[in-house]
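So the structure is just underneath, and the comments pick up after that.
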Amino acid sequence: MNLSLTLNSRKTTLVLAMILALSAFTHLWNATGFPEIFYDEGIYLGRAMHVLSGQGPQEAIYYDHPYFGQIFLAGIFYAIGYPDSLNPTPAVSSIDELYLVPRMIMGLLAVFDTLLVYKITERKYGTKVAIFSSVFFAVMPISWILRRVLLDSILLPFLLLSILLALHSKEKKWLVPASGICLGLAIFTKVPVFTLIPLIAYLVYSQNKSKKLVVLWLIPVLLLPLAWPAQSLLTNHFANWEKDVLWQSHRINSGLTGTTKAFLAMDPVLFCLGIAGLIYSVIRKDVFTFLWMVPFMIFFALIGYSQYFYWIPILPAFCIASGVIVSDLGKRLEKEKLKRMIPYATFFVIAIFGLVNLALVINTDMTGNQFEALSFVANYAKGKDATVLASPVYSWVMRDALDLKNVKSNYDVVLFMPIPPRVILVADPHFYNDQGRGKQLKQVDDSTVAIKTFESMKDRYNVYSYPYSSLGYAHDAGTIKIKTNLP
């Protein structure tokens, strides 16, 4: 009996190791080639550099999100001596290395997420469902969004840890406050994950049948995020905090409808399977995936603003719901052989479909023109009496890694200050998309001439055919113009 248990344990460990190796491939392969460097990634890396240089967690007076994300990144950068340890230069290869480090960190976090998805599902539904769910998380095409340096990717391991610790809190009561701390840090990274409070509170209560422990769990969940408004009070910026929070909540775009279309374009199989799994959980009266997915989706439907990567906190729930429904396929059949074969056959078909399509997408180059443009501007701006205006994708590298002077943190500074007389402009797709924010951006564009153009990286693919429909959301991979008004 003990020998049998040992063999089963070794098999399970081997399978888990294979899943993690698969996850390492899908999340680390071509880390700086795909996807393109997104505007928001530049913002968060710039803020991490701000912390790393000893200027504090809050950059300027922008209170769009809490600041644990930049503290977390800065802590890792400090530990590894980044970026100075790379001896950065304006060469394309050096710029690639500068972005490789944060992208690798995101990839390793995604591998850790895969482990946590496995452990959560194993605890809740057993080994078979855990294998199915974690493989789906590792290989389904939409998982590429975890590669980006985004707050959503940073908070996900803390959220998953909170769930896992709550599931194990019956045996060890100290895991209750530990779970609360993890969720508190997740909310301190990005506020909307407060919608997961009902799920984890339910798990804590169902494991312990104690309201006192739920209250104990809730204390760090509420206190840790309060450091954000508290900091604004201490620095006399509470009015700015209030204004920016209200601005965030009142932004409007295509909302949940638009992000649902994005999910379907990137990964129709996982979306449909996850929704089917959610409905199946309601039929089975299983509240786990329901409490994970529904409050979050309702929140974004109500606020009216969301982007495709906002799905990240509930992406594991889609995979778990999919794993449950696939595992139960054929269970009502009388033939035992078919009953065992159908779930595994379905699982392998879906997993192979996902892996092949994801591999095609992650093997593309979406950053080549960005790195070449950055290298060109960094070399061109040296020794010139001109102000560089660029998105954060480029500005943090020039300011914080290459120590170039007269580089503004963002081109949008011209909306709040006089336009500099001598300008070097990086006119990328995000710059043109932002021109509706103020006439000054168009004035800068009209007053400069292009001296170098870097062609779009995604035009070589048909973004209307699957799986390259994902590239339609590589918004910053388009044509880049370097413009100036210098003689």
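Each value in this text was obtained by applying a stated rule to the coordinates, not by laboratory testing. Computed from a predicted structure; not experimentally measured. All Cβ positions, even for glycine, are placed from backbone atoms using ideal geometry, and neighbour counts span all protein chains on display.
Counting Lys and Arg as +1 and Asp and Glu as -1, what is the net charge of the other residues whose Cβ lies under 12 Å from the Cβ of Tyr99? It would help to have the intermediate numbers written out before the result.
Working: positive: Arg103, Arg147, Arg148; negative: Glu36, Glu41, Asp96, Glu97.
With Lys, Arg at +1 and Asp, Glu at -1, the neighbours total -1.
Assuming a ≥ b ≥ c are the square roots of the Cα gyration tensor eigenvalues, decide whether segment 207-270 counts as rounded (a/c under 1.5), prolate (otherwise, with a/b larger than b/c) or oblate.
On the way: a/c = 3.82, a/b = 1.20, b/c = 3.18.
Oblate.
So what is the relative contact order of segment 379-476, in percent, for Cα pairs below 8 Å that sit 6 or more residues apart?
Result for segment 379-476 is 24 percent.
Considering only DSSP beta bridges where both residues belong to segment 336-487, give the percentage that are antiparallel (nearest 5). Write down the numbers at each step before the final one.
Numbers: 9 of 13 bridges.
Counting DSSP beta bridges with both partners in segment 336-487, the antiparallel share is about 70 percent.
Given a Förster distance of 60 Å, report the FRET efficiency between Leu226 and Ala345 from their Cβ-Cβ distance, rounded to the nearest 0.05. Can you show the working numbers first?
Working: r = 51 Å, r/R0 = 0.85.
That pair, Leu226 with Ala345, gives E of 0.75.
Label Arg10 and Ser85 with points 7 Å out from Cα along Cα→Cβ: what is the distance between them in nm?
Each label point is offset 7 Å from its Cα along the Cβ direction, giving 3.7 nm.
For Val423, enumerate residues with amide H under 5 Å from its amide H, sequence gap 5+ or separate chain, H modeled in the peptide plane.
Long-range HN contacts for Val423: Thr387, Asn485, Leu486.
Sort Ser409, Ser465, Ser179 so the one with the fewest other Cβ atoms within 10 Å of its own Cβ comes first.
Ascending Cβ contact count within 10 Å gives the list Ser465, Ser409, Ser179.
Check the straight Cα-Cα distances from Lys173 and name the lysines below 24 Å, setting aside those fewer than 8 residues away within the same chain.
Lys119, Lys124, Lys209, Lys211, Lys212
What is segment 251-319's relative contact order, in percent, from Cα pairs under 8 angstrom and six or more apart in sequence? Could you put the intermediate results ahead of the total?
Numbers: 61 pairs, mean separation 39.1, N = 69.
About 57 percent, as a whole number.
Take Arg437 and Thr235, extend 7 Å from each Cα along the Cα→Cβ direction, and tell me the distance between the two endpoints in nm.
For Arg437 paired with Thr235, the spin-label model returns 1.9 nm.
From the residues Gly75, Ile131, Leu100, which one has its Cα farthest along the dipole of segment 69-150 in the positive direction, the dipole being from +1 and -1 charges on Cβ of Lys/Arg and Asp/Glu about the Cα centre?
After comparing all options, I get Ile131.
Give me, ordered by chain and number, the residues 5 or more places off Lys408 or on other chains with an amide H under 5 Å from its own placed amide H.
Val388, Ala390
If one computes the Cα centroid of segment 418-487 and of segment 283-354, what distance in Å separates the two points?
If we compute the Cα centre of each part, the gap is 39 Å.
Assign one of three labels to segment 254-302, namely rounded, prolate or oblate, based on the Cα gyration tensor with a ≥ b ≥ c the square roots of its eigenvalues; rounded applies when a/c is under 1.5, prolate when it is not and a/b is larger than b/c, and oblate otherwise.
On the way: a/c = 3.33, a/b = 1.37, b/c = 2.43.
Since a/c reaches 1.5 but b/c is at least a/b, the shape of segment 254-302 is classed as oblate.
Restricting to the chain, compute how many DSSP beta bridges are antiparallel as a %, nearest 5.
Details: 9 of 13 bridges.
Among the beta bridges of the chain, antiparallel pairing accounts for roughly 70 percent.
Defining a contact as two alpha carbons under 8 Å apart and six or more residues distant in sequence, what relative contact order in percent does the chain show?
Values: 776 pairs, mean separation 95.1, N = 487.
That works out to 20 percent.
Could you give me the ³J(HN,Hα) list for segment 45-57, computed from phi with Karplus coefficients 6.51, -1.76, 1.60 and θ = phi - 60°, whole Hz, x at Gly and Pro?
Rounded to whole hertz, the list is 5, x, 5, 5, 5, 4, 5, 4, 7, x, 8, x, x.
What is the spin-label model distance, in nm, from Ala359 to Lys452 if the labels are put 7 Å beyond Cα along the C-beta direction?
3.7 nm
Nearest 500 deg cm²/dmol is fine: what mean residue ellipticity at 222 nm does the chain get from its DSSP H runs of n ≥ 4 alone, each adding -39,500 (n - 2.57), divided by its residue count? Write down the numbers at each step before the final one.
Values: 20 runs with 296 residues, N = 487.
Taken over the chain, the calculation gives -20000 deg cm²/dmol.
Starting from 0.36 nm per residue, how many nanometres of slack lie between Ile419 and Ser206 once their C-alpha separation is accounted for? Walk me through the intermediate numbers first.
Details: separation 213, 0.36 × 213 = 76.68 nm, distance 5.96 nm.
Residue separation times 0.36 nm, minus the Cα-Cα distance, leaves 70.7 nm.
With +1 on each Lys and Arg Cβ and -1 on each Asp and Glu Cβ, and nothing else charged, work out how big the dipole of segment 412-487 is about its Cα centre, in Debye to the nearest 20.
140 debye
Excluding residues on the same chain fewer than 8 positions from Lys442, give the lysines whose Cα lies under 16 Å from its Cα.
Within reach: Lys481, Lys483.
For segment 34-193, how big is Rg over Rh, using alpha carbon atoms and the Kirkwood form of Rh? Mind showing how you got there, number by number?
Working: Rg = 17.3 Å, Rh = 17.1 Å.
Across segment 34-193, the Cα-based Rg/Rh ratio is 1.01.
Can you put Leu165, Leu224 in order of Cβ neighbours within 10 angstrom, beginning with the fewest? Before the final figure, lay out the partial values.
Numbers: Leu165 24, Leu224 20.
In order of increasing Cβ crowding within 10 Å: Leu224, Leu165.
Of the cross-linked pairs Lys384/Lys439; Lys128/Lys339; Lys190/Lys243; Lys408/Lys439; Lys172/Lys285; Lys128/Lys172, which ones have a Cα-Cα span greater than 22 Å in the structure shown?
Exceeds cut-off: Lys384/Lys439; Lys172/Lys285; Lys128/Lys172.
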